Amino acid sequence: MPADGGIGAPTKRREDLRFLKGTGRYTDDLNRPGQAYVFFLRSNVAHGRINGIDTGAAAGMPGVVRIFTGADFEGVGGMPCGWQVTDKHGEPMQEPGHPILAQGKVRHVGDPIAAVVADTLDQARDAAEAIEVDIEDLPAVIDMKKAIEDGAPKVHDDLSSNLCYDWGFVEENKVAVEQAFKDAAHVTTLELVNNRLVANPMEPRVAIGDYDQAGDNSTLYTTSQNPHVIRLLMGAFVLGIPEHKLRVVAPDVGGGFGTKIFHYAEEAFCTFAAKALNRPVKWTSSRSEAFMSDAHGRDHVTKIELALDGDNNFTALRTETYANMGAYLSTFAPSVPTWLHGTLMAGNYKTPLIYVNVKAVFTNTVPVDAYRGAGRPEATYQLERVIDKAARELGVDPIALRRQNFVTEFPYATPVAVEYDTGDYVATMDKLEEMIDLAGFDKRAEESKKRGKLRGVGVNCYIEACGIAPSHLVGQLGARAGLYESATVRVNATGGLVVMTGSHSHGQGHETSFPQVVAEMIGIDASMVEIVHGDTANTPMGMGTYGSRSLAVGGSAMVRATEKIIAKAKKIAAHLLEAAEGDIELKDGQFSVAGTDKSVAWGDVTLAAYVPHNYPLEDIEPGLEETAFYDPNNFTYPAGAYACEVEVDPETGKVTIESFAAADDFGNVVNPMIVEGQVHGGLAQGIGQALLEGCVYDEDGQLLTGSYMDYAMPRAGDVPSFAVDHSCQTPCTHNPLGVKGCGEAGAIGSPPAVVNAVVDALQRAGKDVTHIDMPLSPSRVWAAMNQ
Amino acid sequence: MYAFELERPTSLADAVNALKSEEAQALGGGQTLIPTLKQRLAMPETLVSLTAIDELKGIRREGDTLIIGGATCHADVAAEGSYPALSDLAGLIGDPHVRNRGTIGGSLANNDPSACYPAAALASGATIVTNEREIAADDYFVGLFETALNEGEIITAVKMPIPQAAAYVKFEQPASRFALVGVFVVKTANGVRVAVTGASEGGVFRWSEAESALSSNFAADALEGLKVPSDGMIGDIHGSPEYRAHLVGVLTKRAVTKAG
Ligand SMILES: Cc1cc2nc3c(=O)[nH]c(=O)nc-3n(C[C@H](O)[C@H](O)[C@H](O)COP(=O)(O)OP(=O)(O)OC[C@H]3O[C@@H](n4cnc5c(N)ncnc54)[C@H](O)[C@@H]3O)c2cc1C
């Protein structure tokens, strides 16, 4: 292993030095010479018809450069949707237009009506207050079920209804599923809500448009998880700028959690305005603006039914879900409740028959899209809650019921279209039981009781499909993009090298973990490897980072490119050593001739590549730089078992997490410290969803949780010291690193454990509570206990 | 934020003068006022900062009364310790940033229905000292964000009689961590006072039934069967009126037990 850490070493994150010292370079730290600032005037009503916008007085105010409204964008493309879902009748989803600035109607609180560009932000804001907008209030639709009733007000007048699609999966299984329910010995039914969340990355969104008149080139600096995707979507579908005339830069990004995947109107606006005004235009979101303009997450309402035979084997599963799309289709919104959710409904279990129905609904709320886990937490939550409820109804141990139904043979083709390559759910459950001392639970519960508290324990499993990729597969499922990844490895004459990756790090630590892989492959120090990402001008076309795909897909591309480098370097070494290429071995940065003591160092070979005095020029070109694109043939399937112990204060309903254990199978692990950090962060977000977070609109579509005064974020004190383990490793069979991805697991796997534990605590105390919807705030738990 | 002038007088007299202008407003720690300005919900021409005035800062004890300067920050009250329940309350406000900037005068002048200090002041029978007069706590709190203060009147000090026993129990609103309900219980030779914050649509209030029950028997048991009606309690996404009314009972018992 390289002295400073190869594969498997818990190397400290090199990027943290600059982040912790305040020397990171975030988009808001960038300023272009002569830049102007934009302030967006946003709708304060959820639904209304714009009868007029008078910018006259505002336009003459100090510092105002120009005021744009929807009328300035007629003929300009709208915000595109990157995924088309086909409904259960084979028809494409209803896809409404999404203008950059509102045209004709506003459709949610926060919908931008006008954009004021001025010399300073305060001037822009002053002028925005002087704009007179004549809006006729229209009734808003907020509740999904009401939104699709006959005669409900329509969010989009040109669509037939507020139903985006009615999706059935797998439609061919439907009849067999119904029969299985008729034949079942027991059916457990549960209705639940997967609460709407606001991602709240520490860094709010920022966009700076810049235009170079001399070369007719546009540049967008933006807080994005995938700059190439933004370049493609914005260039090709919104502004009509060819990709070679458009550069997108996403420098240090302070957290994304999905909400920075999507192409946003503010990005298109700044790019457009910079060219129109021939002046850089900057927008920095305030936190309040983020609450009403960042895509939200989750927001599903589901009825799930589980059928079991007389021996407690799962025989069928049926779900009916309403999925909130919000007012417009955000970039990947349609895929979340369908292909990222329906395909996961088998979970870790060999249920033979599954039918999933999803109705995606437009409402007068902020668009909803992927948020850490995206669809998979919703699937896991329903499934693991209904299994827990079934165990209670049948009077069997919830762990035993799960074990009995585990998939144990791999590869395993589920009835919902995916094939798990590897896994060992028994091993992770064994590990979990080892970690949590279930035998000691009664004693702990007794001790809690002495302090007047109710103790409960909840367990769940999860599986996720991540390493989001196979282009051929996602293409069949409606993706309007490929999902490969890319890397260019550029070796310098003196032996150091740069990896230019299409993946994007916004907290994941790629600058540390990626070099560990390359260093290990070549046998050089990791400090000789630098990672470049986030700028379309100097990285190959890549799809970015989300869906726990960076190492599994992007890392694999880097491995392939490095393999090409090594293959070429061996040719050079063979020439230098006057040996046959097949006899050359690379170890610890030395090329040697097998069975001899003849060798040449990595640095000698790289030097020869660029100073080819003695070089096989007739066989190979000088230089040492290779690119690889990697498109796997399947998703990866991390899985695990989680357990949570809670205490409930019966007088106030307050829940505290006493312990949380996670046993994960991520396949091979490159940097265990980073993996643990990712799990910790995911668990904090999952626990946040379960106990604290919830985005709430009132009936009129006003956002009641528009700031941290009402939207409860988890804090360090809300989570315990986690017990995490990733020693159960069944390597992925189809990527060169055998890795599976760990970024979302914590957020996917933790909410059901928390809710199961609270229900357990209440049941042990004799309360007839079978379910409480998240977030399990003190008032909700108290209300459930006292209903 | 709209543009404003900032004045930093070093004497009370200068501050009073500066506040005579209609468009001037006092600035304490800015922990409430600055966020309000950032949202452009207020438009003062001049902010008169009180935190450079030495005579408004600091804590001293005169007999059994603690006299706290109006511009004293929460962290200083938390550290002082001669009225433990009060220091305890101050130490639970916000986070270290808030506690090192926010002031007792600012909190009492603002009279947020979820703030903590109003409960302490009312339960302790404090006296609010201003540049114009002294106001008994019982007369000071008028309603939500409403007090007996006149335009431009400055809280210069708060006189807190130190009781025989006291305790504050705060149940945090999950998001803001202000008091969803907070109960301050005080026991003196003259009886017991119970002040409740966070719960009522009318702002901080005294729970008189509990006071009489506790005055004859200062024990949690004495509250058995007593309930505040849920009518007039705040209902929002963090708790119904019924829940808040219930918490008043639970927290009062806990406060009595804590006070010992
Ligand atoms: C994150 C956060 C958490 C918080 N948590 C809590 C909590 O848990 N409990 C709690 O009680 N509070 C909490 N607060 C509020 C905090 O205690 C504030 O400090 C307090 O409410 C206002 O005090 P200030 O000195 O900052 O006043 P400012 O914000 O400066 O002023 C508030 C108002 O009082 C006026 N004013 C200020 N000083 C005086 C004076 N001496 N005389 C007359 N008028 C004056 C101002 O003109 C203004 O109208 C929190 C605040 C924040 C930001």
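Every read-out reported here was derived from the displayed coordinates using simple, explicitly stated rules and does not represent laboratory data. Everything numeric in this text was worked out from a predicted model, so none of it was measured. Don't worry about glycine lacking a Cβ; one is built from the backbone with ideal geometry, like all the others, and counts go over all protein chains shown.
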Q) So if we plug the beta-carbon distance of A:Lys443 and A:Glu172 into 1/(1 + (r/R0)^6) with R0 = 51 Å, what FRET efficiency do we get, rounded to 0.05? A) 0.50
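Counting partner chain Cβ atoms within 10 Å of every residue's Cβ in A:320-332, what's the average?
Working: counts 0, 0, 0, 0, 0, 0, 0, 0, 0, 0, 0, 0, 0.
If you average over the peptide's residues, the count of other-chain Cβ atoms is 0.
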Q | FRET efficiency for B:Asp138 and A:Thr656, using Cβ-Cβ distance with R0 set to 41 Å, rounded to 0.05 | A | 0.65
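What relative contact order, as a whole-number percentage, does segment A:628-678 give when Cα pairs under 8 Å and 6 or more residues apart are counted?
33 percent
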Q: Using Cα pairs closer than 8 Å and at least 6 residues apart in sequence, work out the relative contact order for chain A, in percent.
A: 16 percent
Q. Taking the Cα centre of the protein assembly as shown as the origin, how large is its charge dipole in debye, to the nearest 20, when only Lys and Arg (+1) and Asp and Glu (-1) carry charge on their Cβ atoms?
A. 1080 debye
Q. So, counting K/R as plus one and D/E as minus one, what does the shell of residues with Cβ under 10 Å around A:Arg247 add up to?
A. -2
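What do you get for GluC sites (Glu not before Pro) in segment B:203-260 restricted to DSSP loop and a cutoff of at most 14 other Cβ within 10 Å of the site's Cβ?
Numbers: sites: B:Glu209, B:Glu211, B:Glu224, B:Glu242; in loops: B:Glu224.
Here the sparse-neighbourhood loop sites are B:Glu224.
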Q. For the cross-link pairs A:Lys12/A:Lys571; A:Lys389/A:Lys453; A:Lys443/A:Lys740; A:Lys260/A:Lys303; A:Lys145/A:Lys389; A:Lys105/A:Lys359, which exceed 27 Å when the distance is taken from alpha carbon to alpha carbon?
A. A:Lys12/A:Lys571; A:Lys443/A:Lys740; A:Lys260/A:Lys303
Q: Enumerate the calculated ³J(HN,Hα) couplings along segment A:121-133 in order (Karplus 6.51 cos²θ - 1.76 cosθ + 1.60, θ = phi - 60°), each rounded to whole Hz, writing x wherever the residue is Gly or Pro.
A: 5, 4, 5, 4, 5, 4, 5, 4, 5, 8, 6, 9, 10
Q. Got a sec? Charge dipole of segment A:101-177, +1 on Cβ for Lys and Arg, -1 for Asp and Glu; which of A:Ala152, A:Asn173, A:Ala102 is way out at the positive end?
A. A:Asn173
Q: Determine the shape class of chain B: with a ≥ b ≥ c the square roots of the Cα gyration tensor eigenvalues, call it rounded for a/c under 1.5, and otherwise prolate if a/b is greater than b/c, oblate otherwise.
A: prolate
Q | Local electrostatic count at A:Thr422 - Lys and Arg +1, Asp and Glu -1, tallied over other residues with Cβ under 11 Å | A | -4
Q. How much length, in nm to one decimal, is gained on full extension between A:Val76 and A:Gln404, taken as 0.36 nm per residue of separation minus their Cα-Cα distance?
A. 112.4 nm
Q. So who's got an amide H within less than 5 Å of the one on A:Tyr697, skipping anything under 5 residues away but keeping other chains? H placed 1.01 Å off N, in plane.
A. A:Leu704
Q.
Helix-only estimate, please: 222 nm mean residue ellipticity of chain A, summing -39500 (n - 2.57) across DSSP H runs of length 4 or more and dividing by its residues, to the nearest 500.
A. -7500 deg cm²/dmol
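Relative to the present Cα-Cα distance, how much length would full extension add between A:Tyr708 and A:Ala783 at 0.36 nm per residue of separation?
Details: separation 75, 0.36 × 75 = 27.00 nm, distance 2.38 nm.
Here the segment from A:Tyr708 to A:Ala783 would lengthen by 24.6 nm.
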(Q) Which trypsin sites (Lys or Arg not before Pro) in segment A:291-337 sit in a loop by DSSP (not H, G, I, E or B) and have at most 11 other Cβ atoms within 10 Å of their own Cβ? (A) none
Q) Zone of A:Phe19 (label point 7 Å along Cα→Cβ, backbone N under 15 Å): which residues in segment A:223-258? A) A:224-225, A:251-258
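Expressed in nm to one decimal, what extension gain is obtained for the pair A:Leu277 and A:Ala417 from 0.36 nm per residue of sequence separation less their Cα-Cα distance?
Working: separation 140, 0.36 × 140 = 50.40 nm, distance 5.04 nm.
Computed gain between A:Leu277 and A:Ala417 is 45.4 nm.
At R0 = 60 Å, how high is the FRET efficiency between B:Asp221 and A:Gln213 if r is their beta carbon distance? Nearest 0.05 is fine.
Working: r = 82 Å, r/R0 = 1.36.
Once rounded, the FRET efficiency stands at 0.15.
Counting only complete DSSP H runs, which helices of chain B cover 18 Å or more along their long axis at the Cα atoms and score a mean Kyte-Doolittle of -0.5 or above? Could you put the intermediate results ahead of the total?
Details: long enough: B:241-259 (27 Å, -0.14).
Span-like helices, by this rule, are B:241-259.
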Q: Show that you can apply the helix-only estimate: for chain B, add -39,500 (n - 2.57) for every DSSP H stretch of four or more residues, divide by all residues, and state [θ] at 222 nm to the nearest 500.
A: -8500 deg cm²/dmol
Q) For segment A:129-166 and segment A:660-698, what is the separation of their C-alpha centers, rounded to whole Å? A) 36 Å
Q: For segment A:106-191, would you read off the P(r) tail past 14 Å as a percentage of all alpha carbon pairs?
A: 79 percent
